[in-house]
1. With respect to the numbered conditions (1) at pLDDT 90 or above; (2) more than 21 Å from residue 188 (Cα to Cα), which one is the sole condition not fulfilled by residue 95?
2. Report yes if residue 57 is polar (S, T, N, Q), in contact with a Gly (Cβ under 9 Å, 6 or more places away or on another chain), free of Cβ contacts under 8 Å to residues at least 12 places away in the same chain and open to solvent by 30 Å² or more (accessible area, probe 1.4 Å), otherwise no.
3. Considering each residue of region 21-43, count those that are open to solvent by 10 Å² or more (accessible area, probe 1.4 Å), at pLDDT 90 or above and not small (Gly, Ala, Ser), and give that number.
4. Among (1) of a type in the set (D, E, K, R); (2) over 24 Å from residue 190 (Cβ atoms); (3) in contact with a strand residue (DSSP E or B) (Cβ under 9 Å, 6 or more places away or on another chain), which single condition is residue 79 missing?
5. If you go through region 141-197 one residue at a time, how many are open to solvent by 90 Å² or more (accessible area, probe 1.4 Å) and assigned to a helix (DSSP H, G or I)?
Amino acid sequence: MKESTGNTGHPSEDGNRILDGAALKALAHPLRVQLLEVLSSYGPQTASSIGKRVGESSGATSYHLRQLARHGLVREVERGSARERWWERPRGSLTLSTPELEQDPTTREATRQVNRQFERGRSEALATFMASGSESIPPEWADAAVIATMNAHLTVDQLAALTRDMSEIFREKLDAYRSEPGTPGTRPVQIHFNAFPLIDPQETT
């Protein structure tokens, strides 16, 4: 399984990236995943502004941002006054799991921890939208959203081709529509695409 997460930050030279074991272990902390998600969704932030979003002190967020920066997962940017340090997530997707990384028990566990935290954040975001989206945002935004589930019986080769093709389509289309964070008239938008074989608990191996 490949877990990939994308962002809305500024372009970087690195582009899409497969995380190595050291970066995965550095990311395997619930707060650090939260910080990465905030920067992905809302664009450049200070340690204080991120702290308000996640309910942590600026000292705690500043420390964890520096740890993420050591592995190139976030970086400082020049913005605002010189008294405040601004951070952003470089643009591009992060691949969290490869067959090579799965061979190492420590990186395998780090990958699972990061995946669990990303999934928790996605589930919470969707649950919040489902519970109060129509009340907390303008109706045209709620009407423009879609939550879709499709089911199919596929071979493993068909599933691999589908996920590859749809990922390429999504990236191409998103690049055509993407705006810089803070552009007037925009809101942070999160896009999910899930395709996976269902595990039947009644089946035996």
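The values are calculated or read from the model by the stated rules, or taken from the named source; none is laboratory data. Nothing here was measured: the structure is a model prediction, and the numbers come from that model. Backbone-built Cβ (ideal geometry, glycine too); neighbour counts: all protein chains shown. The area values use the complete protein model at the heavy-atom level, side chains included, leaving out ligands, DNA and RNA. Shrake-Rupley method; radii C 1.70, N 1.55, O 1.52, S 1.80 Å.
1. Here residue 95 clears every test but (1).
2. Numbers: polar (S, T, N, Q): yes; in contact with a Gly (Cβ under 9 Å, 6 or more places away or on another chain): yes; free of Cβ contacts under 8 Å to residues at least 12 places away in the same chain: yes; open to solvent by 30 Å² or more (accessible area, probe 1.4 Å): yes.
Criteria met by residue 57.
3. 8
4. (2)
5. 10
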